[in-house]
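Structure first, commentary second.
The values are calculated or read from the model by the stated rules, or taken from the named source; none is laboratory data. Quick caveat: nothing in here was measured; it's all calculated off a predicted structure. Virtual Cβ from ideal backbone geometry, glycine too; neighbours counted across all protein chains shown. Each accessible area value is taken on the protein alone, full model and side chains, heavy atoms only, with ligands, DNA and RNA left out. Shrake-Rupley method; radii C 1.70, N 1.55, O 1.52, S 1.80 Å.
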Amino acid sequence: MTAPLGFESRTLYIKQPERDQIADSNDVAGLVAKVLADVRANGDAAVARYSREFDKADLDQFEVSGQDRAAAVAELEPQTRADTEFAIENVRRFAKAQLDTILPLEVEPLPGLHLGHRVIPIQRVGAYVPGGRFPLLSAPIMTIVPGKVAGCDEVVACLPPNAHRAMIAGCHLSGADRIFRIGGAQAIAAMAFGTETVPGVDKIMGPGNAFVNEAKRQVFGPVGIDQLAGPSEIFIVADSTGNAELIATDLLGQAEHDVRTRVGLITTDRALAEATVREVARQLETLATAAVASQSWRDYGEVVLCEDEAAMIAYSDHVAAEHLQVHTADPMAFSHKLRNYGSLFIGENASVVYSDKNVGTNHTLPTMGAGRYTGGLWVGSYVKIATHQWLDDSAIAQVAPPAIRQSGSEGLEGHQKAAAIRFNRMHQPA
């Protein structure tokens, strides 16, 4: 069967997905709207009710105390703590390097006309930390550390009440100022609107399930959000130099995240395409997480054979995969031909697992085609660029006359007067 959207003459499915990821996204808008309205009106009482209903958690208090934070850290195995701190330092180092590229600006484009911008940290941000199937210790690192590097006054973390205690330790070590055991849409509502115990934030970061994603969409406006994130994705572009065993391993490594993970190979080599399908089946026979990975591969896995390199690039740019690995003869040169992706992994040594865990780039990335217009979470997500201007009299002489004329042609007398009064004051005797 041919692939969709204009690639018919140059692409062919070797393995086609059985389901459509977007169509399979459940319509949860109504339920989420109810949760948001309830939390906004009833605060902590509504949060507690939904925690009991959805998470089966009946808590005396939502906030994790300082004593409990310290205890969670103490419970970590020494090697786990060391590995977590290694990842934190790498993420911190890269975020600091990124921040150093975001500079304040002062220019004088006309004599006496001074324009510029400031780089201002967002005052209070919320980090949603998903619980997931496993204790993903990298999750709090990616949403909390950049906020601290950016200079936000306060980073508030929310994680499901049944999340592994190691996740509390991860939030603490990453620098969260406050940690709350609240999950799902009710956590987004609490951070967006504020409750008796949870402070309202200015922007919410972090991925979650369909309910969290929909809640972020609905609260956007009064508060900011980083992006809307769907199920995880990995695609690999490869030519005849690709290694089927390596490719299959990386596809399944991502497929074990969730039964709705989208994984795929885009290649110009039929032999590699067919070998990869066989290799995935072979590895699934012994993979401990095969129950999840096999369903993901069956429902959303795809292997696409492209006529030539141009078709391979075009198909990849259409998919705009969250994670895009390049396994070609000259991966560095090939990578410069790609433009749509969340994060790029150049060459066979660059596996998604390293970015997911500890190399320093952020693993919170755009999915479901959003890589066509945005990148992933980064330290710049935690600051705002706010412009300013100030004018000498010499600048008024240059900008006021055209502003007066333009305001008049637009019929905006108030604008016209505001420009004219300053121009006229310049010519009045002292």
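Observations
- For the range 271-302, a residue qualifies if it is outside any helix (DSSP H, G or I) and either buried (at least 16 other Cβ atoms within 10 Å of the Cβ) or among the polar types (S, T, N, Q) (or both), and the qualifying residues are 286, 287, 289, 301, 302.
- Of all residues in the range 383-396, one or more are closer than 20 Å to residue 226 by Cβ and crowded, with 18+ Cβ neighbours inside 10 Å.
- Residue 131 touching a Cys at 6+ places or on another chain (Cβ under 7 Å), more than 19 Å from residue 361 (Cα to Cα) and not in a helix (DSSP H, G or I): no
- Scanning the range 336-347 for residues that are open to solvent by 30 Å² or more (accessible area, probe 1.4 Å) and either among the aliphatic types (A, V, I, L, M) or at pLDDT below 95 (or both) yields 344, 346.
- Near pairs, Cβ below 7 angstrom, 6+ apart or cross-chain, from the range 320-340 (free of Cβ contacts under 8 Å to residues at least 60 places away in the same chain and farther than 15 Å from residue 264 by Cβ) to any residue that is open to solvent by less than 50 Å² (accessible area, probe 1.4 Å) and among the β-branched types (Val, Ile, Thr): 335/326; 337/313
- In the range 308-323, the qualifying residues are those that are of a type outside the set (Asp, Glu) and assigned to a loop (DSSP other than H, G, I, E, B), and the one that is farthest from residue 230 (Cα to Cα) is 320.
- Neighbours by Cβ (under 6 Å, 6+ apart or cross-chain): first from the range 68-81, open to solvent by less than 40 Å² (accessible area, probe 1.4 Å); second part of a helix (DSSP H, G or I) and not β-branched (Val, Ile, Thr): 69/172; 72/165; 72/169; 73/169; 73/172; 76/169
- Whichever residue in the range 204-219 is part of a helix (DSSP H, G or I) and either without any contact (Cβ under 8 Å) to a residue 24 or more places away in the chain or hydrophobic (A, V, I, L, M, F, W, C) (or both) and, among such residues, is surrounded by the most Cβ atoms within 10 Å (Cβ to Cβ): 215
- With respect to the conditions (1) in contact (Cβ under 8 Å) with a residue 40 or more places away in the chain; (2) closer than 30 Å to residue 50 by Cβ, residue 309 falls short on a single one, namely (2).
- Count of residues meeting criterion [open to solvent by less than 10 Å² (accessible area, probe 1.4 Å) and under 20 Å from residue 246 (Cβ atoms)] in the range 348-370: 2
- Residue 256 vs. criteria within 22 Å of residue 328 (Cα to Cα), without any contact (Cβ under 8 Å) to a residue 60 or more places away in the chain and open to solvent by 40 Å² or more (accessible area, probe 1.4 Å): no
- Selection count, the range 82-119, where residues are part of a strand (DSSP E or B) and either in contact (Cβ under 8 Å) with a residue 40 or more places away in the chain or surrounded by 14 or more Cβ atoms within 10 Å (Cβ to Cβ) (or both): 8
- Verdict on residue 163 being in contact with a helix residue (DSSP H, G or I) (Cβ under 9 Å, 6 or more places away or on another chain), among the small types (Gly, Ala, Ser) and open to solvent by less than 30 Å² (accessible area, probe 1.4 Å): no
- The one condition in (1) surrounded by 23 or more Cβ atoms within 10 Å (Cβ to Cβ); (2) in a helix (DSSP H, G or I) that residue 201 fails to fulfil: (2)
- In the range 233-249, the condition of being open to solvent by less than 20 Å² (accessible area, probe 1.4 Å), in contact (Cβ under 8 Å) with a residue 12 or more places away in the chain and either assigned to a loop (DSSP other than H, G, I, E, B) or among the hydroxyl-bearing types (Ser, Thr, Tyr) (or both) is met by at least one residue.
- When residue 305 is tested against (1) surrounded by fewer than 20 Cβ atoms within 10 Å (Cβ to Cβ); (2) assigned to a strand (DSSP E or B), exactly one condition is not met: (1).
- With respect to (1) surrounded by 15 or more Cβ atoms within 10 Å (Cβ to Cβ); (2) in contact (Cβ under 8 Å) with a residue 40 or more places away in the chain; (3) within 30 Å of residue 222 (Cα to Cα), the lone exception for residue 123 is condition (1).
- Subset tally (residues that are open to solvent by less than 10 Å² (accessible area, probe 1.4 Å) and in a helix (DSSP H, G or I)) for the range 324-333: 0
- Test: residue in the range 220-229 that is crowded, with 22+ Cβ neighbours inside 10 Å, assigned to a helix (DSSP H, G or I) and in contact (Cβ under 8 Å) with a residue 40 or more places away in the chain: no
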